[in-house]
Amino acid sequence: MVTQEQELIPISAVGAAVARKRPPKTRLDRLLGRPESGVVIAAILVYLFFAVMAPHFFSERVASNILLASAALGIVAVGVATLMIAGQFDLSVGSVYGLSAAIIILLVNQGVPGWVALPIVMVFGIIVGTINGYLVTKLEIHSLIITLGGLMFYRGVLLATTQGFPIRLRAPDAFLSAMDFQIWIIPGPFIWFICLATIFAYILTRTRFGNWLFATGGSPEAARGMGVPAGRVQIVAFAVASLLACVAGFVSVARFSSVDALRGTGMELEVVLAVVVGGASLNGGYGSIIGAFLGVLIIGMIQQGLILIGINVYWYQAGIGLLLIVAAIVNQYVRKRSIT
């Protein structure tokens, strides 16, 4: 039974009393409470494991291969991480990535310079993402349905465009060739990845729009109550995800000078894996670009490490699935630790 005196106790006083009983967080607690804390440890362990088990893992050639394999996946992961922090996800990025590469090649083969084809395909990505965002936010259709439909539609368009056969550049393009360079062991596409990761890490941690993304992902209703245009924020996040998928498609053309009907197949799952391994929550409102960056590198190390060890490539899918489950468990633990 609640007495009259108990009813008069202010809620703020109760909260203050609870806070006084709670032990202060140490520096280690604060570090472990960061979204990327788990993936930093995981990246070190994966690297040490393959350094011991895989021959030549320390070589410059292997390191360059890891960075090159991580570049396109990483560029897409930056956009998907931004979108997942906003509380949504996009399963169509792999198909958009493949289709954008085909569009680049078709434009260049028709005489359009590569430096003109790039902004054209970027506008295409923005349109695709904006449509996805509008259907999800304005019509209140779940992003799983919309982007799964997009995955099948854009993959079908790519299949129809290529007729099931690879299409190639008929002649080298100066701008595309300039994108395919290497500085020591660092390939050009990976430098693109680093630049984009740096830009978006700054946006998420140092700008008002970054605060809006986290607020929207945490609770769209609460964000709207604070004056955040949650719907527009999510539409922009969808546009960013598709835009960066198209940028990755451009980078892949600079690297391969061709595209086939299967380009980007399964990429959407690997991207989600990298972002989740990097500490992001599927529920939104939690994650980091640095974590996604490290998650992509972990996938790259696993790919190269398994090849060097000589394990059958079919076990890669099993390992990736297990890694996703472990990452989800670790991230849940880290989130609970950061809250308490």
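Structure summary
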{"read-out": "Residue count for segment 139-148, restricted to those that are over 20 Å from the mean Cα position of the chain (by Cα) and either at pLDDT 90 or above or surrounded by 13 or more Cβ atoms within 10 Å (Cβ to Cβ) (or both)", "value": "2"}
{"read-out": "One residue from Ala101, Ala43 being at pLDDT 90 or above, assigned to a helix (DSSP H, G or I) and either among the aromatic types (Phe, Trp, Tyr) or crowded, with 19+ Cβ neighbours inside 10 Å (or both)", "value": "Ala101"}
{"read-out": "Any hit, segment 149-159, residues being closer than 24 Å to Asn283 by Cβ and buried (at least 16 other Cβ atoms within 10 Å of the Cβ)", "value": "yes"}
{"read-out": "Breaking point among (1) among the polar types (S, T, N, Q); (2) closer than 25 Å to Arg263 by Cα; (3) without any contact (Cβ under 8 Å) to a residue 40 or more places away in the chain, for Thr161", "value": "(3)"}
{"read-out": "Breaking point among (1) modelled with pLDDT under 90; (2) under 16 Å from Thr147 (Cβ atoms), for Gly285", "value": "(2)"}
{"read-out": "Hits in segment 104-126 (condition: touching a residue at least 24 places away in the same chain (Cβ under 8 Å) and within 20 Å of Gly150 (Cα to Cα))", "value": "Ile104, Val121, Met122, Phe124, Gly125, Ile126"}
{"read-out": "Output for segment 303-314, where each listed residue is farther than 18 Å from Ala69 by Cα and surrounded by 10 or more Cβ atoms within 10 Å (Cβ to Cβ)", "value": "Ile311"}
{"read-out": "Test: Ala241 is buried (at least 18 other Cβ atoms within 10 Å of the Cβ) and closer than 30 Å to Ser177 by Cβ", "value": "yes"}
{"read-out": "Yes/no for Val228 being crowded, with 22+ Cβ neighbours inside 10 Å, out of contact with any Cys (no Cβ under 9 Å at 6 or more places or on another chain) and not aromatic (Phe, Trp, Tyr)", "value": "no"}
{"read-out": "Output for segment 55-88, where each listed residue is part of a loop (DSSP other than H, G, I, E, B) and either surrounded by 24 or more Cβ atoms within 10 Å (Cβ to Cβ) or free of Cβ contacts under 8 Å to residues at least 40 places away in the same chain (or both)", "value": "Phe58, Ser59, Ala86, Gly87, Gln88"}
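Table: residues versus (1) under 19 Å from the mean Cα position of the chain (by Cα); (2) aliphatic (A, V, I, L, M).
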site	(1), (2)
Leu68	yes, yes
Ser100	yes, no
Gly114	no, no
Ile120	no, yes
Phe124	no, no
Thr137	no, no
Leu158	no, yes
Thr162	no, no
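Okay, residues lined up against (1) under 10 Å from the mean Cα position of the chain (by Cα); (2) of a type in the set (S, T, N, Q):
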{"site": "Val251", "(1), (2)": "no, no"}
{"site": "Phe256", "(1), (2)": "no, no"}
{"site": "Val259", "(1), (2)": "no, no"}
{"site": "Met267", "(1), (2)": "no, no"}
{"site": "Glu270", "(1), (2)": "yes, no"}
{"site": "Val276", "(1), (2)": "yes, no"}
{"site": "Asn283", "(1), (2)": "no, yes"}
{"site": "Tyr286", "(1), (2)": "no, no"}
{"site": "Gly291", "(1), (2)": "yes, no"}
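Per-residue answers, yes or no, for (1) assigned to a helix (DSSP H, G or I); (2) of a type in the set (A, V, I, L, M); (3) within 19 Å of Val236 (Cα to Cα):
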residue	(1), (2), (3)
Val112	no, yes, no
Pro119	yes, no, yes
Tyr134	yes, no, yes
Leu139	no, yes, yes
Leu144	yes, yes, yes
Tyr154	yes, no, no
Leu159	yes, yes, no
Phe165	no, no, no
Phe175	yes, no, no
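The values are calculated or read from the model by the stated rules, or taken from the named source; none is laboratory data. On a predicted model such as this, the values are computed, not experimentally measured, just so you know. So basically every Cβ, Gly included, is an ideal-geometry build from the backbone, and we count neighbours across all protein chains shown.
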